[in-house]
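**Q** Okay, handing you the structure first.
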Amino acid sequence: MKISPNHQEALGLLNKFIQNGLESYSSKRNYDFGIGKRDNVSNLSPYIKRRILHEKEVIHYCLEKFKYSKIEKFIQEVFWRTYWKGWLEGRPLVWKLYNENLSELKNNLLKANYFKDYNKAISGKTGIECFDSWVTELIEYGYLHNHARMWFASIWIFTLNLPWELGADFFYKNLLDGDPASNTLSWRWVAGLHTAGKIYLAQQNNIEKYSNFSFNNKQVLNHKISCTNHNSFEYSKPNFKKSNWEKVNFFLVSPNNYLYDNKKIKYLKNSTIIFLKDWNYSEDSELKKSFNKKAMEEYIKWLNDNGVTKINILQENEFNDFFNKKNLEILTIYPCIGYEQDLLNIISRKFGVTFNFIYDEYDMVCWPYAKAGFFKFKVKIEHILENI
């Protein structure tokens, strides 16, 4: 997916999808027609993940062209990401336990009885044609169709019998749109850990139909169901301590929130803008690191074009000199639960920095409805649309 991660490019992609794919999205969305043939889906997820293009913008432009009833399925898909993030905000323990389990699995990987099978899986050498093809696409392009992601996760867990945490980690480090909430919780859903009594099993006939019969290997997917214990995590209302845009001295740009907002830019013109060069997950693929670097460069260019010039790009070995200042307070857009927030917590503890958060208004409207299953969230979408 060779794209320039800036706002103008994102708007162009969105407009192309609205004109050519949005109206038929509901009937064609589940088909994976292959690389370069995916006009049936928006291809916007790497932009939306970083909020180079905000969900609210996507919804706004789509509803300008079509009535909600006509494009309801696509609007729901936009809200899935919102729902996952809100759900995880109310259950931070899920993220903590995932990382603890993942760390233990990695530490013991060389001794694990599935080590050879794991290496075959991440190398695309399982002998399952569709799965191996998806591995190649994931590594080379940083993207998979949503349906393929579900098939992939199911085969990883129930056919190859590999730990779901390692699969989620493989996705995250390669997907250009990898998001801690959407990625982690989607893998838990496939594994049967999210919804009681519900797992997702990939079926050969389903793969054949929706991949347009692209694969010749008719190998039967043998399911070894071993990950079906549902974990229940009680929702706990997050405690959001809100700040505002007034008197911004230091502003840290989160790679989850590239704010292309001409109304907010006035607050940053007299501020020191901070970027963390090594912010992202250390095991990200080279493709993903390159995309992240380009996204940062594109945003800095936009800031410069709009009169924001006091910019510091900090490498990790420069953290001590910059952050080790008495009573340093830094404003930033709330990065949500995930690796970015984890890093801010480390910096805060180590250097005594206070991070004050700006919370996205769209998130604040949506997240209170993400306490339970998506169906309960979905019935509130029209109400949410009235409020945003």
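The values are calculated or read from the model by the stated rules, or taken from the named source; none is laboratory data. All of these numbers come straight from a predicted model, not from anything done at the bench. Here the Cβ positions follow ideal geometry from the backbone for every residue, glycine too, while neighbour counts run over all protein chains shown. Note: areas computed on protein heavy atoms with side chains; ligands, DNA, RNA excluded. Shrake-Rupley method; radii C 1.70, N 1.55, O 1.52, S 1.80 Å.
**Q** Which residues in the range 1-41 place their backbone N less than 18 Å from a point set 7 Å from the Cα of K378 along the Cα-to-Cβ direction?
**A** Within reach of a label on K378: 25-31.
**Q** Another one. How about K350: which aspartates and glutamates have a C-alpha closer than 15 Å to its C-alpha, ignoring those fewer than 8 places off in the same chain?
**A** Partners found: E316, E318, D321, E329, D342.
**Q** Here is a follow-up. Give the separation of the Cα centroids, the range 279-293 to the range 369-388, in Å.
**A** Taking the Cα centre of the range 369-388 as reference, the centre of the range 279-293 is 33 Å away.
**Q** Let me ask something additional. Report the full-extension gain for the segment L109 to E129: residue separation times 0.36 nm, less the Cα-Cα distance, to one decimal in nm. Provide the component values of the computation, followed by the final result.
**A** Numbers: separation 20, 0.36 × 20 = 7.20 nm, distance 2.51 nm.
So the extension gain works out to 4.7 nm.
**Q** Sticking with this one: Modelled label-to-label distance, N312 and T272, 7 Å Cα→beta-carbon offset: nm?
**A** 0.3 nm
**Q** Only Cα pairs under 8 Å and at least 6 apart count here; give the relative contact order of the chain as a rounded whole percent.
**A** Details: 509 pairs, mean separation 76.8, N = 388.
Value for the chain: 20 percent.
**Q** Here is a further query. Quote to one decimal, in nm, the extra length available between K242 and L385 on full extension: 0.36 nm per residue of separation minus the C-alpha distance between them. Display every interim value, and only then the final one.
**A** Values: separation 143, 0.36 × 143 = 51.48 nm, distance 2.29 nm.
Gain in length upon complete extension: 49.2 nm.
**Q** Report, to two decimal places, the Cα Rg of the range 72-179 normalised by 2.2 N^0.38 Å (N = number of residues). Can you show the working numbers first?
**A** Working: Rg = 15.0 Å, N = 108, 2.2 N^0.38 = 13.0 Å.
Output field value: 1.15.
**Q** What does a probe at T195 reach in the range 354-388, counting residues whose amide N is under 14 Å from the point 7 Å along Cα→Cβ?
**A** What the label zone holds, given the 14 Å backbone N cut-off, is 372-379.
**Q** Next question. Could you list log10 I(q)/I(0) for the range 1-121 at q = 0.21 Å⁻¹, which the Debye formula gives when each Cα is one point scatterer?
**A** -1.12
**Q** From the backbone phi of the range 73-81, what are the Karplus-calculated ³J(HN,Hα) couplings (6.51 cos²θ - 1.76 cosθ + 1.60, θ = phi - 60°) in whole Hz, Gly and Pro given as x?
**A** Calculated HN-Hα couplings, in order: 5, 5, 4, 4, 5, 4, 6, 4, 4 Hz.
**Q** Cα centroid distance between the range 248-276 and the range 147-166, in Å?
**A** First find each Cα centre; the distance between them is then 39 Å.
**Q** Got a sec? Which residues in the range 351-388 would a label at S69 touch, if it sits 7 Å along Cα→Cβ and we count backbone N under 16 Å?
**A** Taking a point 7 Å out along Cα→Cβ of S69, the residues of the range 351-388 whose backbone N falls under 16 Å are 382-383.
**Q** Report, in whole Å, the centroid distance computed from the Cα atoms of the range 62-90 and the range 169-203.
**A** The distance from the Cα centre of the range 62-90 to that of the range 169-203 comes to 19 Å.
**Q** Now for a separate question. Using DSSP to define loop residues, name the chymotrypsin sites (Phe, Trp or Tyr not before Pro) in the range 178-219 whose beta-carbon has at most 14 other beta-carbon atoms within 10 Å. Each step should come with its number before you reach the end.
**A** Numbers: sites: W187, W189, Y200, Y210, F213, F215; in loops: Y200, F213, F215.
Filter output for the range 178-219: F213.
**Q** Just to be sure I understand: if I project the alpha-carbon convex hull of the range 249-292 onto a plane and average over all orientations, what area do I get in nm²? Walk me through the numbers on the way to the answer.
**A** Details: hull surface 14.2 nm².
Averaging across all directions leaves 3.6 nm² for the Cα convex hull.
**Q** Here is a further query. To one decimal place, what Kirkwood hydrodynamic radius in Å is obtained for the range 253-388 from all pairs of distinct Cα atoms? Intermediate values should be presented prior to the final figure.
**A** Numbers: mean 1/r = 0.0588 Å⁻¹.
Here the Kirkwood hydrodynamic radius works out to 17.0 Å.
**Q** Rounded, prolate or oblate: which fits the range 224-313, taking a ≥ b ≥ c as square roots of the Cα gyration tensor eigenvalues, rounded meaning a/c under 1.5, else prolate when a/b beats b/c? Walk me through the intermediate numbers first.
**A** On the way: a/c = 3.21, a/b = 1.57, b/c = 2.04.
It comes out oblate by the Cα gyration axes.
**Q** May I pose another question? Here are some pairs, K73/K378; K289/K326; K237/K264; K85/K242; K49/K288; K263/K293; which of them have Cα atoms lying more than 21 Å apart in this structure?
**A** Details: K73/K378 10 Å; K289/K326 32 Å; K237/K264 28 Å; K85/K242 18 Å; K49/K288 13 Å; K263/K293 25 Å.
From K73/K378; K289/K326; K237/K264; K85/K242; K49/K288; K263/K293, over 21 Å: K289/K326; K237/K264; K263/K293.
**Q** Highest first, please rank the peptides 60-68, 5-13, 34-42 by the mean number of other Cβ atoms sitting within 10 Å of their residues.
**A** Values: 60-68: 13.4, 5-13: 18.0, 34-42: 15.6.
Per-residue mean Cβ counts within 10 Å order the peptides as 5-13, 34-42, 60-68.
**Q** Related question: Share of antiparallel DSSP beta bridges in the chain, in percent to the nearest 5?
**A** On the way: 0 of 15 bridges.
Rounded to the nearest five, the antiparallel share is 0 percent.
**Q** Normalized C-alpha radius of gyration of the range 126-208, against 2.2 N^0.38 Å?
**A** Details: Rg = 11.9 Å, N = 83, 2.2 N^0.38 = 11.8 Å.
Rg over 2.2 N^0.38 Å, computed on Cα atoms: 1.01.
**Q** Would you mind checking which residues have amide H under 5 Å from N312's amide H? H placed 1.01 Å from N; only 5 or more apart, or other chain.
**A** I273, I274, F275
**Q** Multiply the residue gap between D117 and K16 by 0.36 nm, knock off their C-alpha separation, and tell me the result in nm, one decimal place.
**A** Result: 32.2 nm gained on full extension.
**Q** Right, here's the next one. Let me have the 222 nm mean residue ellipticity of the chain computed from DSSP H runs of 4+ only, each contributing -39500 (n - 2.57), with the sum over all residues rounded to the nearest 500. Intermediate values should be presented prior to the final figure.
**A** Values: 18 runs with 185 residues, N = 388.
Value at 222 nm, helices only, nearest 500: -14000 deg cm²/dmol.
**Q** Given a 1.4 Å probe and every protein chain left where it sits, what share in percent of the accessible area of the chain is carbon and sulfur? Show your work: numbers first, answer last.
**A** Details: 8760 of 18910 Å².
Percent of accessible area from carbon and sulfur atoms in the chain: 46.
**Q** Right, another one. Once you have all Cα-Cα distances for the chain, histogram them in 20 Å bins from zero and send the whole-percent values.
**A** Over the chain, the share of Cα pairs per 20 Å bin runs 26, 59, 15, 0 percent.
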